[in-house]
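Readers should treat all values here as calculations from the given coordinates under stated rules, not as data from a laboratory. Just so we're clear, the structure is a prediction, and the values are computed from it rather than from any experiment. No Cβ is skipped: glycine too gets one built from the backbone with ideal geometry, and neighbour counts run over all protein chains shown.
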Amino acid sequence: MYQTLYRSVLIILLLIPLYSIAQNTGKIKGKLTNEENQPVIGAHIKILESNIATSSDKNGNFLLQVPAGKTYNLIITHISYQDGVIPLKLKASESKTLNLQLRLKEQEIDEVKVESDRIIRDKNITIDSKHLDQIPVSGSGVVEQILKTLPGVSSNNELSSQYSVRGGNFDENLVYINEIEIYRPNLIRSGQQEGLSVINPDLVSSVQFSSGGFDAKYGDKLSSVLDIKYKTPSEFEASAEVSLMGASAHFANASKNKKLSYMAGVRYKTNRYLLNSLDTKGEYEPNYTDFQALVNYKFNSSLSMHLWTSFSQNNYNFEPENRSTSFGTINDALNLDIYFDGKEKDEFKSNIQALTIKYHPNSNSLIRLIGSRYESIEEENFDIMGQYYLSDLFVSQGGTPSESIENLGIGTFIDHARNKLDQEVYHLDVKGDHSLEDLFLQWGVGVKSEDITDRINEWQYQDSAGYSVPVSDDEVLLAYSRNANNKISSKHYQSFVQATQVIDTKKGELQVTGGLRYHYWDFNEKGYLSPRASINYIPDWKNKVKFRFAAGLYQQIPSYREMLMINGNISPDINIQKAIHYVLGQEYYFTAWNRPFKFSSELYYKDLLSVTPYDIENVRIRYYGDQEAKGYTAGLDLRINGEFVPGTESWASLSIMKSEEDIKGDNKSFIPRPTDQRFSFSMLFQDYLPNNPSYRMHLALFYAGKLPVWTPKRGKEGGSFRMPNYRRIDLGFSKILVKEKGRKKGMLRHFKSMWIGLEVFNVLDINNTVSYLWIKDISGNQYAIPNYLTGRKLNLKLSAKF
């Protein structure tokens, strides 16, 4: 009895403080829904004046216990919805219920409209420019980094902005900025030399990409088209970014009457910090700078002028010291040590000037006069001597990775180059767009003039244990040499006409596009007609679905590099590459977890009627301009994208492909093309902390199949093998310091937004192979020593918008 009484008194005494606390607090509970009365999950609810906070559950419900008798502000935030602020004051023990409806952010409302009204009709993949801000980028371009996560696009080099599409090479991709064609550099042979991509992400307004079956309005390339549009600013904006790998800034503004607007951006980059993780140690001094400006002036409602200029300079200075690479298998473990003498000094300059005059004779027509000039000066100079020691470690017989048991080869090689290329290209085009009820007509005529002067002087000497390779009784021969002086001047005359008809049927919408492109090249005095067509069908189903079929002839007039034979001279019989594209695809728009998603697939076949064989070494393409081949590329591309996490878009891509060619006159059947990558998987995933969306994470994952490698200097007659799979994960973590629409005090009121980020490149520290260094011994045995890409590195970044 006494024990029972004692326990009761004790319980009462323990409950008295809790009762007292309850008398001095109040409760606020509620439910959050959107404008469609669906629950809002993961919203952050916080008392501004304290650390009291919670988040809405899967039903949109929340509960907070707050101090009584005080006035405070209840803040509701969500990455997809407009912020809410509610002033409250509760009495002691008072309970208040709030049923709140959140509105989508204005930019999200626009995106929903675009999704339903325009994107489903687009033939190209559209990339939202907001993805360009915080994606981890180790290479030279953030736009290209995102492209590499799309189906059909692959790249096994994180240092390079180059990419291959559906079995094509780097030279088969069209790139436009404001309808100005952008050219790929000629002499760059490795990703670390590239520097900055010509695309400045701070200036980008829209990005569209097609991996095949594109319209006749685009140029004459075999693989893909990337269509970039820069912004037309209507108010002041500015940004600045600094990291361990460089810095960038841009500003834009418009006059009060909106007739004049201007925008400029400057970038600086050095990947010296990143290159220190390569096997070859030495003094890396890469410096890349870029300046771009765009000025728009509107004379009246019908006439406007747009001037764009770009200047870039890439300096790559490298003085190697030594290299140690272990390779092979457990049973055949080898090690290569090289000690270097000499240096490399490269300089790549390019500049673009473009003037566009736009004329609107009426609301249904737009005519554009576009003139542009492109100039590139590229110099490559190096004299590097390497003394190498190739050792067998015999790990399986008791040796260690650091212990040399048997020397397989001791020798010396010398690499020499004095290459200089000057290129100047002028464009003049007239284009027109006309909307005639359900018919959309586009046309264009233009001329291009190009002048190229190229001096090639490069060779390699090899010596093994006192004997030069190859050996001659009369003289010492070089293992490899290219020596030529080429000069080309030619003109291209181009035109196209294209019409799109939209037909409304009882069961859906039919969009039919047909076009014809003509190209005349005075170098060989021949003209080429390329018909192209596509059909889009959007049935009137409950869930949005689009079916697409496209076919067309694509004829690639060779660039200067495609005209060269392996010895560096211009081929006497230049090949025009031709391919027919067949593309069958579908897009399915659906809702899962009350969020939008899209699943797309494309089945394609490229009939390569005539192609020029080539080899790839890192990012340098060496063509066999005197040879011709036929072939094919067939594959399947799959992609799913949507809001896996509310308010953020992520996607995953899978590609399966096979690409082969048959070189005429080689007495061989079909062999794999250099870009025959049988499969690739990539993913871009974005996430944030549910209770604090200011903490975000961005993940880029790549897993690509093995690429074929051919024995160098022997063409396709030598042996071949495949390099290892490419595997890489890049992670980016960021913290938003200043929200774009949040309250700002003190110095922070000058910033529109600000965030700090930490990037982790190559999280798993995988040794990916990009190319091979070939070594011979006195017995004539040839060894392929892998050149590995960058290892794990960290990068700290601070970015602000004004």
Could you work out the relative contact order of region 22-104, using alpha carbon pairs under 8 angstrom and six or more residues apart, expressed as a whole percent? 40 percent
Low-density loop positions, trypsin sites (Lys or Arg not before Pro), region 222-278 - DSSP coil, at most 10 other Cβ in 10 Å: Lys256
Helix 2-23: angle to the longest alpha-carbon principal axis of the chain, degrees 0 to 90, nearest 10? 70 degrees
Quick one: check the C-alpha center-to-center distance for region 349-373 versus region 520-534, whole angstrom. 24 Å
Give me the one-decimal nm value for the distance between modelled label points at Phe311 and Val502, 7 Å along each residue's Cα-to-Cβ direction. 4.5 nm
Taking a virtual spin label 7 Å from the Cα of Lys130 along the C-beta vector, which residues in region 182-213 bring their backbone nitrogen under 13 Å of it? none
Packing rank of 724-737, 63-76, where each peptide gets the mean count of other beta carbons within 10 Å, highest leading: 724-737, 63-76
Quick one: if the Förster radius is 25 Å, what FRET efficiency do Leu303 and Tyr493 give, using the C-beta to C-beta distance and rounding to 0.05? 0.35
Integer Hz, Karplus 6.51/-1.76/1.60 couplings in order for region 787-802, x for Gly and Pro: 9, 8, 8, 5, x, 5, 9, 10, 9, 9, 9, 10, 10, 9, 10, 10
For a quick size check, give me the Cα extents of region 22-104 along its three principal axes, largest first, whole Å. 37, 20, 16
Given R₀ = 41 Å, FRET efficiency for Lys349-Phe751 by Cβ-Cβ distance, to 0.05? 0.70
Where Rh is the Kirkwood radius over Cα pairs, Rg/Rh for region 621-688: 1.25
Simple spin-label estimate for Asn322/Leu260, 7 Å along Cα→Cβ, in nm, reads 6.1 nm
What angle do you read, to the nearest 10 degrees and between 0 and 90, between the alpha-carbon axis of helix 106-117 and the longest principal axis of the chain? 60 degrees
May I ask you to list the chymotrypsin sites (Phe, Trp or Tyr not before Pro) in region 530-577 that are in a DSSP loop and have at most 14 other Cβ atoms within 10 Å of their Cβ? Trp541
Helix-only CD estimate at 222 nm, as mean residue ellipticity for the chain, using -39500 (n - 2.57) per DSSP H run (n ≥ 4): -1500 deg cm²/dmol
What is the chain's relative contact order, in percent, from Cα pairs under 8 angstrom and six or more apart in sequence? 9 percent
Once both label points are put 7 Å beyond Cα along the C-beta direction, the Thr25-Ile570 separation in nm becomes 8.5 nm
Expressed in angstrom and ordered largest first, the alpha-carbon extents of the chain along the principal axes are 115, 79, 49
Those chymotrypsin sites (Phe, Trp or Tyr not before Pro) in region 287-384 that DSSP places in a loop and that have at most 16 other beta carbons within 10 Å: Phe299
